[in-house]
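Values quoted throughout were computed directly from the atomic coordinates according to the rules given, and no laboratory measurement underlies them. Since we're looking at a predicted model, the values are computed, not measured. Because the Cβ atoms are built from the backbone with ideal geometry, glycine has one as well, and the counts that use them run over all protein chains shown.
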Amino acid sequence: MTSSTTATEQIEARIKACYSTWSERYYAEYYKSDAAYPPVHTDIVRELLRSEDIHSVLDAGCGPASMLRDLNDLGLNLYGFDLTPEMVTEARRIMSGHGLSADRIWRGSVLENASFLAASDGRKQFDAGICFGVLPHIPMGSEEVVLANFKQVIRPGGLVAIEARNELFSLFTLNRYSRAFFQERLLAADGLLQRAGTELEGLGRALRQLDERFRMDLPLVRKGYDTEPGYDEVLSRLHNPFELAQLAREQGLVDVRVLFYHYHSLPPMLHSFAPELFRRESLALEDPNDWRGHFMASAFILVARVA
């Protein structure tokens, strides 16, 4: 076993631990709760599927069938798999109530080719593949693996829709994510410090002043319910929409585009000053194609077609 495989297994073990206690309440908390932001991404996916000649869909990382249950009324052949056993159990329970056979849901990893080929009826080509809430949890550099796995099971001309957390949103949040984005991605501060020479002390003061512009205590770290690690205590990466779209093109996908969702009308740290206005105006901003989504939306969907 290689060290990289061991590292991936350790990451996936913590992801499974993180989500193990969410299976029965994840959908209620993040899709149906009045306190949660409405699941606008489901509406985007519904429109994507309804606008195409789609008959079968594979949900890679389906969770407790969060999206599959809301797509069931479209009359599609639905399949899904998830990394966390408890999520698989809950997804089977929910979808069996919709008449879906339990063998349409199985345990698997987006990093394993066999997981994509495991449909019990031997299906190897789906009309569409979706993947939500998963990309933040895969190791850096594994995106190519996920795209390649989708390409193997989606028919030519079929759709792929993969969600990611928007790294560029960090330019709007003015918090610890912003600090990391400025220091690591824009300035490459470590390299600057190595090249500063006689101005090292001055550069250090400049970087400290920059740090003072950000709320390093926000957002609050999300912890687990009991002893399991929380969302911010496991690997939960951000992705740059420009880079991910370019990667998709390099992997041979075509008609690549980015759709934005979960807009914020103010930086999140300011929402408590006018919470009703913040929510109302944020929902009014929801437009997957608005250029402001690059900065004001916390998530995006990479949509592409298999050549």
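Explain nothing, just compute: Karplus ³J(HN,Hα) = 6.51 cos²θ - 1.76 cosθ + 1.60, θ = phi - 60°, for every residue of the stretch 92-108 in order, whole Hz, x for Gly and Pro.
Taking θ as phi minus 60°, the curve returns 5, 5, 5, 6, 5, x, 9, x, 8, 4, 4, 7, 7, 10, 9, 8, x Hz for the stretch 92-108.
For GLU281 and GLU243, what is the calculated FRET efficiency with R₀ set at 25 Å and r taken between the beta-carbons, to the nearest 0.05?
Details: r = 29 Å, r/R0 = 1.17.
With a Förster radius of 25 Å, E is 0.30.
Only Cα pairs within less than 10 Å get springs; with that Gaussian network setup on the chain, which residue of GLU286, GLU184, GLU24 has the largest fluctuation?
GLU184
Would you kindly state how much longer the chain becomes between THR227 and ASP53 on full extension, computed as 0.36 nm times their sequence separation minus their alpha carbon distance, in nm to one decimal?
Details: separation 174, 0.36 × 174 = 62.64 nm, distance 4.56 nm.
The span from THR227 to ASP53 would gain 58.1 nm if fully extended.
Kindly write out, for the stretch 164-180 in residue order, the coupling ³J(HN,Hα) from the Karplus curve 6.51 cos²θ - 1.76 cosθ + 1.60 (θ = phi - 60°), rounded to whole Hz, with x marking Gly and Pro.
For the stretch 164-180, the Karplus-derived couplings read 8, 7, 7, 5, 5, 4, 4, 6, 10, 7, 6, 10, 5, 5, 5, 4, 5 Hz, x marking Gly and Pro.
Determine the calculated [θ] at 222 nm for the chain from helices alone, applying -39500 (n - 2.57) to every DSSP H run no shorter than 4 residues and normalising by the residue count; nearest 500 deg cm²/dmol.
Working: 13 runs with 112 residues, N = 307.
Calculated mean residue ellipticity at 222 nm is -10000 deg cm²/dmol.
Taking Cα atoms, how many degrees apart are the long axis of helix 275-285 and the longest axis of the chain, rounded to 10 and kept between 0 and 90?
60
Please list, in order along the stretch 286-294, the HN-Hα scalar couplings obtained from phi with the Karplus expression 6.51 cos²θ - 1.76 cosθ + 1.60 (θ = phi - 60°), rounded to whole Hz, x for Gly and Pro.
Using θ = phi - 60°, the values come out as 4, 8, x, 9, 6, 4, 5, x, 4 Hz.
Give the percent of DSSP beta bridges with both residues in the chain that are antiparallel, rounded to the nearest 5. Don't skip to the answer; put the middle values down first.
Numbers: 14 of 32 bridges.
Here the share of antiparallel DSSP bridges comes out near 45 percent.
Roughly what would the spin-label model give for THR8 and LEU235, points 7 Å off Cα along C-beta, in nm?
Those two pseudo-labels are separated by 0.9 nm.
Roughly speaking, what is the centre-to-centre gap between the stretch 227-289 and the stretch 86-149 when only Cα atoms are used, to the nearest Å?
Between the Cα centres of the stretch 227-289 and the stretch 86-149 lies a distance of 22 Å.
Please enumerate, by chain and number, the lysines with C-alpha under 16 Å from the C-alpha of LYS124, excluding those fewer than 8 residues away in the same chain.
Of all the lysines, those that pass the test against LYS124 - Cα under 16 Å, at least 8 places apart if same chain - are LYS151.
Express in nm, to one decimal, how much length is gained between ALA196 and ASP43 on full extension, taking 0.36 nm for each residue of separation and deducting their alpha carbon distance. Before the final figure, lay out each step's value.
Working: separation 153, 0.36 × 153 = 55.08 nm, distance 5.01 nm.
Length gained between ALA196 and ASP43: 50.1 nm.
Enumerate the amide H contacts of ILE130 below 5 Å, restricted to partners 5 or more residues apart or on another chain; note that Pro and chain-start residues carry no placed amide H.
LEU58, ASP59, ALA60, ALA161
What full-extension length gain, to one decimal in nm, is calculated for GLU250 and PHE295 as 0.36 nm per residue of separation minus the Cα-Cα distance? Spell out each step's value before the answer.
Details: separation 45, 0.36 × 45 = 16.20 nm, distance 2.44 nm.
Between GLU250 and PHE295, full extension yields an extra 13.8 nm.
What residues have an amide H closer than 5 Å to that of GLY230, excluding those fewer than 5 places away on the same chain, when H is modeled at 1.01 Å from N in the peptide plane?
When sequence neighbours closer than 5 places are left aside, the close amide H contacts are GLY224.
If each of THR21 and LEU117 carries a label point 7 Å out from its Cα toward its Cβ, how far apart are those two points in nm?
3.8
Pull up all non-local amide H partners of GLY157: gap of 5 or more, or a different chain, and H-to-H distance under 5 Å with H placed in the peptide plane.
Placed amide hydrogens put VAL306, ALA307 under 5 Å from GLY157.
Under 26 Å from the Cα of LYS32, which lysines turn up, not counting those fewer than eight places away in the same chain?
Of all the lysines, those that pass the test against LYS32 - Cα under 26 Å, at least 8 places apart if same chain - are LYS16, LYS223.
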